[in-house]
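Please read the structure below before turning to the comments.
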Amino acid sequence: MKKNVVFFLFLTLTTFASAQPFPFQNPRLSPVERAKDLLQRLTLEEKISQMRDVSAAIPRFGMPPFQWWNEALHGVARAGRATVFPQTIGMAATFDDLAVKETFTMVSDEARAKNTDFRKNNSYERYEGLTFWTPNINIFRDPRWGRGMETYGEDPWLTARMGVAVVSGLQGDQHAPYIKTMACAKHYAVHSGPEWNRHSFDAENISQRDLWETYLPAFKALVKEADVRQVMCAYNRFDGKPCCNSNQLLQQILRNDWNYQHIVVSDCWAISDFFQKGHHETSAGPAEASAAAVISGTDLECGSEYRTLGEAVKKGFITENNIDTSLLRLLKARFELGLFDPDSLVLWTKIPMSKVECPEHQAKALEMARKSLVLLSNKRQILPLSKTIRKIAVMGPNANDAEMQWANYNGFPTKTVTILEGIRSKLPIGSVLYEKGCDYVKELDGDNHPIDYEAVAQKVKGVDAIVFVGGISPKLEGEEMKIDLPGFKGGDRTNIDLPLVQEKLLMALKKLGKPVIFVLCSGSSMALPWESKNLDAILAAWYPGQAGGTAVADVLFGDYNPAGRLPVTFYASSNDLPDFQDYDMSKGRTYRYFKGKTLFSFGYGLSYTTFAYSNAKLDKKVLPRRNTLTLSLDLKNTGKMAGDEVVQVYIRSMQDPDGPIRSLRAFRRLHVAAGETSVVRFYLTPKAFEFFDPETNTMKVKPGKYEILYGGTSNKKALRSLIVERVN
């Protein structure tokens, strides 16, 4: 009843306000003109009320409340029913940025439909708005980071291409009268764990090479190419200053160098970290912290400290003009979304609720899940399995867990097909024996007795093959979690080993002499030295979304030919990793700097068919450094089954001994019928040849020789190369 009374009062005031012909109510004016007009009519208190993620209603101008905080990491999240696509790391494994753009076009369709429906029902709650805080384009530099599953992997180029695709899909046609939704590039910058100390961690002594060549390229691409409308500053410090108070990051680089004109939003309660004891402690209190953040360029706070900005003005920490600068950007965004105009003027409001989880979107969830699966090993071509198999056992902690497939920052699908259900759908009733076998980590059975691994294995001794669905879970890895188990800390991992309980059970199962196929679910890479040597096949399934069970079964039984590629390196041991808190890439981080022997390389993935590369050539061997280079090659499917290949192009600057070993600079996923040949062309622009120049501390195309490497993986032994020279 109270809500209805409040809304009636708001409606009455809104009707009164709409009768007043203010310029900001005129749709024919530009968003900037309208924002300026509204801004000068607001009191200081009203202005401050609009600078927090929960922006208050201003009834005298017909302004409803506005919730800035919304999520759409891999589907509209936390707002009820929605299509749940594979977790981000899985979408990175597709190596298909066009399909990712198509996916996020569907996500924004659902977002607009849901928002229109919420507003029609007078609901303005958190997660019901149009400003989405995605994508996460931090570089997954260390596989122990629990939030790495939210990223597009360890490579700056792949991350940039995928991030641009996400923004394009979410924001819609840049030439449309209104923006569809607003994306957000996060977390800016130099942010990738650990989770347990993120509120006090200082990413200091970052080399200029690492800053410009690894940690910033994706952010620059989203700002300069995709016109992303929000940037979220990170929790940690950068060279002693909180990222949300870094003049270097926010003013010098973002605003001045990249000419970014839109919104900067703080990570949630990051401003509180400025003064809280044991956190950054760079400000004396909330008023000083809030002033410092706004002056640095953080326009919007997710949190509660900006309520003290009035006090900060009185104490002289900040001026009202500083507040106006930020608020103008916030108001402009709301006009650009069409939130002050009738729905009849905003094309996006015509998207119906029937789009949410519609058949087309469900089909896309299945397509993306299929494309994300990476076949890591397949000894003696044990896969695909025959559908005439007499009896199969499905085991493991992830075999029948729907919520695991949703990962984190997720929506809620009407139906999720688990991996157990997917396998059962392929075979006659009674052919599948399900035995969970063990939990993720705990080495105790249901009666809290130590697991008798041999006894568990004996339960399935009569089957013809075993599919063990293991790995880890979003319940164990993720954002700042209260987890303290062997191998896990605060959402991160302390090592990259498969939990011992699963390895022991796999060893016992292997002794049965039956084929053992391991389906690995995780948000990251894992060390699998015994498994890779002894198990018959390994399929990386990530957290595959609502259609994950169908996709996995399709691959296991040959109804889909896998072609996913690893967006992260699979190391042989935790000993291959530098200290987690060391951000120095040259210490051997990622495929770009690691010189040891990996289990599975970045870009690696098997298929049920084979491909041959031939006739590779460059259109020039010497060219001006401002010209585009064309690489062409023939790709033949030499097997008996149609399939996809991911052609990858890496470049090495031969005059830069301190630079990366090789860097991804182009990729294309394409389908080739059995026996057919496709001609593939890459147009390598000067940007593809940009590397760090220590003489100018900038990214630059320098004269000299470059090695062009091409193939279906980053592994040097499997790549072929050509040399080109760029001249002034």
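The values are calculated or read from the model by the stated rules, or taken from the named source; none is laboratory data. Everything quoted here is computed from the prediction, not taken from an experiment. In this analysis, Cβ positions are derived from the backbone assuming ideal geometry, glycine residues included, and neighbour counts consider all displayed protein chains. Ligands, DNA and RNA are stripped out before the accessible areas are found, and what is left, the full protein with its side chains, is counted by its heavy atoms. Shrake-Rupley method; radii C 1.70, N 1.55, O 1.52, S 1.80 Å.
Within the stretch 245-259, being in contact (Cβ under 8 Å) with a residue 24 or more places away in the chain, assigned to a helix (DSSP H, G or I) and surrounded by fewer than 23 Cβ atoms within 10 Å (Cβ to Cβ) holds for Asn247, Gln251, Ile253, Arg255.
Just a yes or no: is a residue in the stretch 681-689 over 28 Å from Leu98 (Cα atoms), in contact with a Phe, Trp or Tyr (Cβ under 9 Å, 6 or more places away or on another chain) and buried (at least 16 other Cβ atoms within 10 Å of the Cβ)? No - not one qualifying residue is present in the stretch 681-689. Residues in the stretch 411-465 that are within 38 Å of the chain's Cα centre (by Cα) and part of a strand (DSSP E or B) were compared, and the one that is surrounded by the most Cβ atoms within 10 Å (Cβ to Cβ) is Ala465.
When you look at Ala99, is it at pLDDT 95 or above, part of a helix (DSSP H, G or I) and among the aliphatic types (A, V, I, L, M), yes or no? Spelling it out, Ala99 is indeed at pLDDT 95 or above, part of a helix (DSSP H, G or I) and among the aliphatic types (A, V, I, L, M). One residue stands out in the stretch 274-286 among those that are out of contact with any Phe, Trp or Tyr (no Cβ under 6 Å at 6 or more places or on another chain) and not polar (S, T, N, Q): the one that is surrounded by the fewest Cβ atoms within 10 Å (Cβ to Cβ), namely Lys277. For the stretch 241-283, which residues satisfy the criterion of being among the hydroxyl-bearing types (Ser, Thr, Tyr) and under 19 Å from Pro135 (Cα atoms)? Hits for the stretch 241-283 are Tyr260, Ser266.
For the stretch 562-597, a residue qualifies if it is open to solvent by 10 Å² or more (accessible area, probe 1.4 Å), part of a loop (DSSP other than H, G, I, E, B) and under 16 Å from Leu376 (Cβ atoms), and the qualifying residues are Ala572, Lys597.
Can you report the number of residues in the stretch 52-95 which are within 30 Å of Ser372 (Cβ to Cβ) and either open to solvent by 30 Å² or more (accessible area, probe 1.4 Å) or more than 33 Å from the chain's Cα centre (by Cα) (or both)?
Final tally of qualifying residues: 3.
Which is of a type in the set (Asp, Glu), modelled with pLDDT of 95 or more and out of contact with any Asp or Glu (no Cβ under 9 Å at 6 or more places or on another chain), of Asp536, Asp497? Lay out the reasoning, then the answer.
Values: Asp497 fails: out of contact with any Asp or Glu (no Cβ under 9 Å at 6 or more places or on another chain).
That would be Asp536, the only listed residue that is of a type in the set (Asp, Glu), modelled with pLDDT of 95 or more and out of contact with any Asp or Glu (no Cβ under 9 Å at 6 or more places or on another chain).
In summary, Phe600 fulfils each of the numbered conditions (1) among the hydrophobic types (A, V, I, L, M, F, W, C); (2) more than 23 Å from the chain's Cα centre (by Cα); (3) open to solvent by less than 50 Å² (accessible area, probe 1.4 Å) with the single exception of condition (2). Does at least one position in the stretch 8-24 carry a residue that is at pLDDT 95 or above and within 38 Å of the chain's Cα centre (by Cα)? Yes: the stretch 8-24 contains one or more residues that are at pLDDT 95 or above and within 38 Å of the chain's Cα centre (by Cα). Inspect the stretch 151-173 for any residue being within 30 Å of Ser344 (Cβ to Cβ), open to solvent by 10 Å² or more (accessible area, probe 1.4 Å) and modelled with pLDDT under 95 and give the result as yes or no. Yes, the stretch 151-173 contains a residue that is within 30 Å of Ser344 (Cβ to Cβ), open to solvent by 10 Å² or more (accessible area, probe 1.4 Å) and modelled with pLDDT under 95.
Any idea how many residues of the stretch 317-376 are more than 20 Å from Gly129 (Cβ to Cβ), open to solvent by less than 50 Å² (accessible area, probe 1.4 Å) and hydrophobic (A, V, I, L, M, F, W, C)? Final tally of qualifying residues: 11. State whether the residues of the stretch 524-537 include one that is part of a strand (DSSP E or B) and closer than 20 Å to Gly90 by Cα. Yes: the stretch 524-537 contains one or more residues that are part of a strand (DSSP E or B) and closer than 20 Å to Gly90 by Cα. Just so you know, in the stretch 675-695 the residues that are assigned to a strand (DSSP E or B) and among the hydroxyl-bearing types (Ser, Thr, Tyr) include one that is nearest to Ser207 (Cα to Cα), and it is Tyr683.
Residues that are open to solvent by less than 10 Å² (accessible area, probe 1.4 Å), touching a residue at least 12 places away in the same chain (Cβ under 8 Å) and under 21 Å from Met149 (Cβ atoms) occur at least once in the stretch 502-509.
Hey, any hits in the stretch 467-488 for a residue that's within 24 Å of Leu599 (Cα to Cα) and in a helix (DSSP H, G or I)? Among the residues of the stretch 467-488, not one is within 24 Å of Leu599 (Cα to Cα) and in a helix (DSSP H, G or I), which makes the answer no. Scanning the stretch 294-309 for residues that are open to solvent by less than 20 Å² (accessible area, probe 1.4 Å) and in a helix (DSSP H, G or I) gives Val294, Ser296, Glu305, Tyr306, Thr308, Leu309. Residue selection: Arg626 satisfies the criterion of being open to solvent by 10 Å² or more (accessible area, probe 1.4 Å), closer than 22 Å to Ala218 by Cα, basic (Lys, Arg) and not in a strand (DSSP E or B).
Residues of the stretch 33-51 that are touching a helix residue (DSSP H, G or I) at 6+ places or on another chain (Cβ under 8 Å), open to solvent by less than 60 Å² (accessible area, probe 1.4 Å), of a type outside the set (Asp, Glu) and in a helix (DSSP H, G or I): Arg34, Ala35, Leu38, Leu39, Leu44, Lys47, Ile48. Would you confirm whether or not the stretch 148-162 contains a residue that is basic (Lys, Arg) and not in a helix (DSSP H, G or I)? Within the stretch 148-162, not a single residue is basic (Lys, Arg) and not in a helix (DSSP H, G or I). Once the stretch 696-728 is narrowed to residues that are under 16 Å from Lys620 (Cα atoms) and assigned to a loop (DSSP other than H, G, I, E, B), the residue that is modelled with the highest pLDDT is Pro703.
Here is a yes/no grid of residues against (1) more than 30 Å from the chain's Cα centre (by Cα); (2) acidic (Asp, Glu); (3) open to solvent by 40 Å² or more (accessible area, probe 1.4 Å); (4) under 18 Å from Asp210 (Cα atoms):
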position	(1), (2), (3), (4)
Pro657	yes, no, yes, yes
Ala666	no, no, no, no
Ser678	yes, no, no, no
Met699	no, no, yes, yes
Tyr706	yes, no, no, no
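When the stretch 331-389 is filtered for residues that are without any contact (Cβ under 8 Å) to a residue 40 or more places away in the chain, part of a helix (DSSP H, G or I) and over 30 Å from Tyr560 (Cα atoms), the ones remaining, listed by number, are Ser344, Lys350. I'd like the full set of residues that are assigned to a helix (DSSP H, G or I), open to solvent by 10 Å² or more (accessible area, probe 1.4 Å) and among the polar types (S, T, N, Q), limited to the stretch 200-244. Within the stretch 200-244, just Gln208 meets the criteria. Looking at the stretch 676-701 only, could you name the residues that are β-branched (Val, Ile, Thr) and in contact with a Ser or Thr (Cβ under 9 Å, 6 or more places away or on another chain)? Thr677, Val679, Val680, Thr685, listed by residue number.
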